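Have a look at the structure below, then the notes.
The values are calculated or read from the model by the stated rules, or taken from the named source; none is laboratory data. Since the structure is predicted, the reported quantities are computational estimates derived from the model, not experimental observations. Cβ placement follows ideal geometry from the backbone for every residue including glycine, while neighbour counts extend to all protein chains displayed. The area values use the complete protein model at the heavy-atom level, side chains included, leaving out ligands, DNA and RNA. Shrake-Rupley method; radii C 1.70, N 1.55, O 1.52, S 1.80 Å.
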Amino acid sequence: SGTVVFVNHGEERDYRALEVIGVSVRGCLVLARKGETLGRGAIVKIAETKGALGVLIYDESDGGGLGGIERGTVMRGIGDPVSPGWPGVVGGEKLRLEDDRVSRRFPKIPSLPLSLHNAEIILASLDGSRAPGEWRTGRVRSSQRVGPGRVVVNMTLQGEMKMKKIHNVVATIRGSEEPDRFVILGNHRDAWTYGAVDPNSGTSALLDIGRRFSLLLESGWRPQWVEEHVLNLGASAVAYLNVDCAVQGSGFFAGATPQLDSVLVDALKLVQDPDDVTLTVEETFKSQNNNIERLSRVDSDFSGFLHHAGIPSIDMYYGADYPVYHTAFDSYDWMIRNADPLFHRHVAMAGIWGLLGIILADEPVLPFDYISYAEQLQAHRDAVSKLLEGKVSVDPLSVAIQEFSLVAKEVADEAKKLKEQAYSKYDVAVAAKRRELNDRMMLAERGFLDSEGIKGKEWFKHLVYGPAAEPESKLGFFPGIADAIATNSSDGSIKHEIWRVTRAIQRASKALKGGFT
């Protein structure tokens, strides 16, 4: 119970702006509107450090004007908190709930989501100073006060602390060759509400892929890759293909690690566009000037595979976003009225997803393009150099990327030659060379991992793509470098992070050469 202070998006800079006008949130409830930068957990964590009693979070999209309340987690980090860094299996090691490594994952103050309607009732009750000018966007009026006001808000939170068992449903198709390799297609099947979009649009597409694969099996097809029991992702996984929300609107969107760009585009060329039967998905994707994004965000299931295990990954979805995200209006009714009335986009996604799985499982030489990766690394280096304005040298990065580029070209030539030989008469020696090359291309992504991880988010090991610990970081890559720049660290600290990334790129080069240990 307490008075309320409006904190805009709940970022550190918002609290600094309040401090300038003499407003403290200590001993108050804070009201925050969801923004582009911070997740719910980060909003609550910052409010806790400022001495707030509790947090109310609302979204101005209001569930598409339907009055939806967006649910979600405020736990810090990802994965089972009682088995951090190891499998949370029956009979395995588990920490006690009272253990500091568990308790620090959870906020010490309560928080609740709020509808826009109720948030505006509270906003209208606030007294005190006017909101800073930069806050007066969206539905925040120029006359808005930040509080605290005379009105006291009573916040009642009901929660349970209990252990729940979850089940992963895994189906495998044994391959005809190299049975210690596997391509993984994944979708989470738990929903915050009804989940017609998230995740059931993806679940239904995955189930349909299973149906299609069963028909292929009946016709005699077998993939070349797979493993019956997934024991060691780092040594055996070829790629992870993720779809959380198959359809949430119009337009195809995708993110990938750069070596998978070309195989993704090849798959798009083979699927009819669901909204224009005269075009392929690749043609509409290109006409919309959509780019394949990079996978540094952590709000999806590819994160564990890429950021922790270093497995090449793709994430795909139809529709940039959708207004009923995590609300009770994410229903079958909303889907057929708004996102995909005839389910044509679902069919297209199943086609793209399934074809990617088949291509990666059937190609004798993995269709990985590390020249594309080298070009992307060079673009990232250029962006860092521009941001640093010459204050710190990026020469170590330049040299490492140049070496990586040379190795990538050598591997491309080798792959082309071995692929041509694969379609001639079977030769044991050639097959052994193909396997060795495939191993090298698989392991290259693992080279970007660092055992120390990202400072402040040590579970995340990938030094090229991963989440920056600082919300104000300006790069979507090289998270350690981005954090060092954002926190105005010393030149020595920035230089150290540059060298860490340099060594990661050197490890990836060694993997491609065949000297990775």
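Using R0 = 51 Å, the C-beta based FRET efficiency linking Lys269 and Glu134 works out to 0.70.
Where in the chain are the DSSP H helices whose C-alpha atoms run 18 Å or more along the long axis and whose mean Kyte hydropathy is at least -0.5?
On the way: long enough: 200-218 (27 Å, 0.25); 344-362 (27 Å, 1.05); 370-388 (27 Å, -0.23); 395-422 (40 Å, -0.23); 428-444 (24 Å, -0.05); 491-513 (33 Å, -0.68).
Flagged H segments are 200-218, 344-362, 370-388, 395-422, 428-444.
Once a ≥ b ≥ c are taken as the square roots of the eigenvalues of the Cα gyration tensor of the range 406-457, is the result rounded (a/c under 1.5), prolate (a/b larger than b/c) or oblate (a/b not larger than b/c)? Prolate shape, in that a/c is at least 1.5 and a/b is the bigger ratio. As a fraction of the 1.4 Å probe accessible area of the range 100-233, surface on carbon and sulfur atoms comes out at 52 percent.
Just to verify a number: FRET efficiency for Glu36 and Ser262, C-beta to C-beta distance, R0 = 51 Å, to 0.05? List each step's numbers first, then the result.
Details: r = 30 Å, r/R0 = 0.60.
The computed FRET efficiency comes out at 0.95.
Once you sort the root eigenvalues of the Cα gyration tensor of the range 257-332 as a ≥ b ≥ c, which label holds: rounded (a/c under 1.5), prolate (a/b larger than b/c) or oblate (the other case)?
Note, shape of the range 257-332 comes out oblate.
Heavy atoms of the protein chains alone define the surface here; on that basis the range 118-187 has 70 Å² accessible area per residue at 1.4 Å probe size.
For the range 314-459, which whole percent of the accessible surface, found with a 1.4 angstrom probe, sits on carbon and sulfur atoms? Write down the numbers at each step before the final one.
Values: 3820 of 6920 Å².
Here carbon and sulfur together make up 55 percent of the probe-accessible area.
Taking 56 Å as R0, compute the FRET efficiency from the Cβ-Cβ separation of Ile121 and Lys416 and round it to 0.05. E between Ile121 and Lys416, to the nearest 0.05, is 0.30.
Modelled this way, with points 7 Å down the Cα-to-C-beta line, the labels at Thr73 and Asn154 are 3.3 nm from one another.
Take the residue pairs Lys391/Lys495; Lys50/Lys391; Lys45/Lys165; Lys50/Lys495; Lys286/Lys417 and return only those whose Cα atoms are more than 22 Å apart. In this structure, Lys50/Lys391; Lys45/Lys165; Lys50/Lys495; Lys286/Lys417 lie more than 22 Å apart at Cα. Annotation: for a label point projected 7 angstrom from Cα along Cα→Cβ of Leu66, residues of the range 311-345 with backbone N closer than 11 Å are 323-339. Measuring between their Cα centroids, the range 22-67 and the range 119-168 lie 6 Å from each other. Listed options for Rg and Dmax of the Cα atoms in Å are (i) 22.8, 79; (ii) 24.7, 84; (iii) 62.4, 228. The value calculated from this structure is the one marked (ii).
Straightening the chain between Ser24 and Ser214 buys 62.2 nm, computed as 0.36 nm per residue apart minus the Cα-Cα spacing. Given the whole protein assembly as supplied and a 1.4 Å probe, what does the accessible area of Thr37 come to in Å², nearest 10? Near enough 70 Å² of accessible area. Site pair Glu452 and Leu97 shows an inter-label distance of 3.7 nm when each label is modelled 7 Å from Cα along Cα→Cβ. Counted residue by residue at 0.36 nm each, then reduced by the alpha carbon distance between them, the extension gain from Ile166 to Arg104 reaches 20.1 nm. The distance between label points at Ser176 and Val399 comes to 4.9 nm (points 7 Å beyond Cα on the Cα→Cβ vector). Taking all protein chains together and a 1.4 Å probe, the residues Tyr465, Tyr332 rank Tyr332, Tyr465 from largest to smallest accessible area. Database remark: amide H of Glu60 closer than 5 angstrom to the amide H of Lys34 (H placed geometrically; neighbours at sequence offset of 5 or more, or on other chains; Pro and chain starts carry no H). Taken per residue, the accessible surface of the range 242-400 reaches 38 Å², heavy atoms only and a 1.4 Å probe. Accessible-area rank, largest first, for Tyr194, Tyr370: Tyr194, Tyr370, with all protein chains present and a 1.4 angstrom probe. Length gained on full extension, Thr280 to Glu12: 92.0 nm, using 0.36 nm per residue less the C-alpha separation. Placing a label point 7 Å from the Cα of Ser287 along the Cα-to-Cβ direction, the residues of the range 257-276 whose backbone N falls under 12 Å from that point are 273-276.
These residues, Phe448, Phe213, go from largest to smallest accessible area, 1.4 Å probe, as Phe213, Phe448.
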